[in-house]
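Undergrad: Quick one: the structure is below, questions incoming.
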Amino acid sequence: MRPLSRLLFSSALTLCAVPAFAMPVANNSGETAHPQPDSVTTTGTLKVNGKAIAYHAVAGTLLVHGRKYDDSRVVLKQRGDLSATSGPEQNTPGKASKDGKENGPIASMFYTAYFRDNANTRTRPLVFLYNGGPGSASVWLQMGSFGPWRVSTPGVEHQPPPPYALIANPQSLLDVADLVFIDAPGTGYSRIGGKKAEKEFYGIDGDAAAFTHFIMAFLAKYHRFESPRYLFGESYGTLRSALVANELEQEEGIDLNGVILLSQILSYDNNADTPQFNPGNDEPYVLSLPTYAATAWYHHRLPQRPDQLAPFLREVEQFASTDYLLALQEGSLLPEPRKRTIAERLHHYTGLPAAYLLRANLRVNGGMFTHQLEAAEDTTTGRLDTRFAGPSLDPMSKEAEYDPQSSALSSAYLSSFNAYVRNTLHYGGEVPYRVFAPGANEHWDTHHSVPLPGGEDASITPNVMPDLAMAMKTNPTLKIMLNSGLFDLATPYYQAQHELHHLPIPDRLQANISTYQYPTGHMVYVDAKSLQALHDNVAAFIAATTH
């Protein structure tokens, strides 16, 4: 997850003979037309659990229109029921209206789909995967998790310079499901255009609508409406999944078998990045404390370090949700002796000096923690994965100014994917692959229409817990799987648990939620052992939710 809150509230494949990437072209009138849907198909084999899997990969795009688009005129003309001279077609790709106004907003969304050969598509599960950002491409999941190839990034140090190791992936999920990796509008090879396209697609609701419409178009194109289907979102992608699951159910009448959440954030009110911008809400400090403790334990910063992490974290969780929470709720009324007692306990659990904790009024946000924990060595701790560390940019700053984990891994992932998509999938050519949509994060519309009883909506800051709850209540067979890294400070594991335990759903639906934790960070899959565990847990979840 990119720190949105800081800105806003605070075997080799072989090529088949099919068309290459379609760029915008000039039509007869000299106008530039929208890029049309295109795809390239390649084939390959892979071994998972000792068994060979033959598959074919499709890299391509699908067109998605804005939320107000009506296809009636286009469909009627295709059927011959409407005269070709009956007037302009609103929002039709590649055409301008007679008054010269721009087309309506449109997105050409890039995807890479992996299909097992000769599988029964009626019973073969289908998983849609995407990263978050917001405004991030899905290169991280595709190159690190369940695709047939993945980049090898062992250890928690900065990766050596290129060439990087791209290896066949024995933890690919192709043994149990077909996979569709989707790039959000404006990211990767996805492009947006038309009138007010940024406003349409760069926001919580517009982004979710685009993914909903993409999934519907994909199911139609590949005849997969009968397949068991799943969403797999990472980071901000988990927030998106809550919305898409509900929109598929409410707007399209499409049930899902399951929603798989990796490094979850459903409410930005609980985020550890900038809780100081929302004074009076102390939950972020409480929910991030176990991750602070895990990090201090990992880096040997505790005054008395226990041998085992798990029981230590249970102790910290208990303190966080009782004594610490009650102390913070006292605010300025907290007696000084009690304040010092809490500071000493926090020192015991985080390794931060008690004097520093007192100056911080017992409230340390994520950036303060990652800057301060190893400050004596002029070292900054990672945010996405706090096992990582690197030289501090400014030893005198209050908060960390970069993320050593991101710096350590990004080049390997991006270089490997740019080579893979061109040399193996034979897609893209000279078109740049955008890791992030230009301007999306800075201008992201955080207003969201929340489903409420009676059909009314209310615009609030990002909190999609009501949406996931609505999806679960209107589809009580829907299963939810939460996967969290113990060393993830972007979306702390205790925060994720808190959100799911506070969903406004009947108690009996809590049985539809399963949770898993891994000794790694935000990108759980960067660790080979954790990736194997993640694969096995997800495979078991899919098997248990299909029939």
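Undergrad: Any residue at all in the stretch 382-394 that's within 18 Å of Asp273 (Cα to Cα), buried (at least 21 other Cβ atoms within 10 Å of the Cβ), touching a Lys or Arg at 6+ places or on another chain (Cβ under 8 Å) and outside the structural domain of Pro519 (by TED's automatic domain parsing)?
TA: Among the residues of the stretch 382-394, not one is within 18 Å of Asp273 (Cα to Cα), buried (at least 21 other Cβ atoms within 10 Å of the Cβ), touching a Lys or Arg at 6+ places or on another chain (Cβ under 8 Å) and outside the structural domain of Pro519 (by TED's automatic domain parsing), which makes the answer no.
Undergrad: Counting just the residues of the stretch 124-167 that are among the β-branched types (Val, Ile, Thr) and in a loop (DSSP other than H, G, I, E, B), which one comes out farthest from Phe388 (Cα to Cα)?
TA: This residue is Thr153.
Undergrad: Can I ask one more? Pick out the one residue from Tyr516, Tyr494, Tyr525 that is closer than 30 Å to Leu373 by Cβ, in the same structural domain as Gly203 (by TED's automatic domain parsing), part of a strand (DSSP E or B) and aromatic (Phe, Trp, Tyr).
TA: Selected residue: Tyr516, the only one of Tyr516, Tyr494, Tyr525 that is closer than 30 Å to Leu373 by Cβ, in the same structural domain as Gly203 (by TED's automatic domain parsing), part of a strand (DSSP E or B) and aromatic (Phe, Trp, Tyr).
Undergrad: Could you figure out which of (1) at pLDDT below 95; (2) closer than 17 Å to Glu283 by Cβ; (3) not polar (S, T, N, Q) isn't true of Met396?
TA: (2)
Undergrad: Determine whether Ser484 is hydroxyl-bearing (Ser, Thr, Tyr) and assigned to a strand (DSSP E or B).
TA: Yes; evaluated as a whole, the condition is true for this residue.
Undergrad: So is Leu503 surrounded by 13 or more Cβ atoms within 10 Å (Cβ to Cβ), in contact with a Lys or Arg (Cβ under 7 Å, 6 or more places away or on another chain), in the same structural domain as Val156 (by TED's automatic domain parsing) and not in a strand (DSSP E or B) or not?
TA: So Leu503 fails the test.
Undergrad: Right, something else. Quick check on the stretch 471-488: of everything there that is of a type outside the set (Ser, Thr, Tyr) and crowded, with 24+ Cβ neighbours inside 10 Å, which residue is nearest to Val244 (Cα to Cα)?
TA: Ala471
Undergrad: Which of (1) part of a loop (DSSP other than H, G, I, E, B); (2) surrounded by fewer than 18 Cβ atoms within 10 Å (Cβ to Cβ) does Ala220 not meet, given it meets every other one?
TA: (1)
Undergrad: How many of the residues in the stretch 180-215 are of a type outside the set (Val, Ile, Thr) and under 19 Å from Asp38 (Cβ atoms)?
TA: Number satisfying all stated conditions: 14.
Undergrad: Right, here's the next one. Can you tell me which residues in the stretch 416-431 are surrounded by fewer than 18 Cβ atoms within 10 Å (Cβ to Cβ) and assigned to a helix (DSSP H, G or I)?
TA: Listed by number, the residues that qualify are Asn418, Ala419, Arg422, Asn423.
Undergrad: Kindly list, by first and then second residue, each pair from a residue in the stretch 498-520 that is closer than 18 Å to Glu317 by Cβ to a residue that is surrounded by fewer than 17 Cβ atoms within 10 Å (Cβ to Cβ), limited to pairs with Cβ atoms under 7 Å and residues at least 6 apart or on different chains.
TA: Listed pairs, sorted by first residue: Tyr516/Asn537.
Undergrad: Further question on the same structure: Please pick out the residue among Ala177, Ala197, Ala184 that is surrounded by fewer than 24 Cβ atoms within 10 Å (Cβ to Cβ) and either under 23 Å from Tyr433 (Cβ atoms) or in contact with a strand residue (DSSP E or B) (Cβ under 6 Å, 6 or more places away or on another chain) (or both).
TA: Ala197
Undergrad: In addition: Of all residues in the stretch 41-68, how many are part of a loop (DSSP other than H, G, I, E, B) and surrounded by fewer than 18 Cβ atoms within 10 Å (Cβ to Cβ)?
TA: Residues that pass the stated criteria total 4.
Undergrad: Out of curiosity, is Ala177 in contact with a helix residue (DSSP H, G or I) (Cβ under 7 Å, 6 or more places away or on another chain), under 20 Å from Ser530 (Cβ atoms) and not polar (S, T, N, Q)?
TA: Yes; evaluated as a whole, the condition is true for this residue.
Undergrad: Hey, another quick one. Being in a loop (DSSP other than H, G, I, E, B) and either outside the structural domain of Ser514 (by TED's automatic domain parsing) or within 30 Å of Gly280 (Cα to Cα) (or both) is the filter here; which residues of the stretch 223-269 pass it?
TA: Ser235, Ser263, Gln264, Ile265, Leu266
Undergrad: Taking Gln510, is it polar (S, T, N, Q), more than 22 Å from His448 (Cα to Cα) and not in a loop (DSSP other than H, G, I, E, B)?
TA: yes
Undergrad: While we're on this one: Among Leu531, Leu509, which is aliphatic (A, V, I, L, M), in contact with a helix residue (DSSP H, G or I) (Cβ under 9 Å, 6 or more places away or on another chain), modelled with pLDDT of 95 or more and crowded, with 18+ Cβ neighbours inside 10 Å?
TA: Leu531
Undergrad: Return the residues of the stretch 519-535 that are over 24 Å from Thr546 (Cβ atoms) and of a type outside the set (Lys, Arg); say none if nothing qualifies.
TA: Pro519, Thr520, Gly521, His522, Met523, Val526, Asp527, Ala528, Ser530
Undergrad: Follow-up. Need the failing condition index for Asn271 against (1) touching a strand residue (DSSP E or B) at 6+ places or on another chain (Cβ under 8 Å); (2) crowded, with 19+ Cβ neighbours inside 10 Å, just the number.
TA: (1)
The values are calculated or read from the model by the stated rules, or taken from the named source; none is laboratory data. Please read these numbers as outputs of a predicted model, since none were measured by experiment. Backbone-built Cβ (ideal geometry, glycine too); neighbour counts: all protein chains shown.
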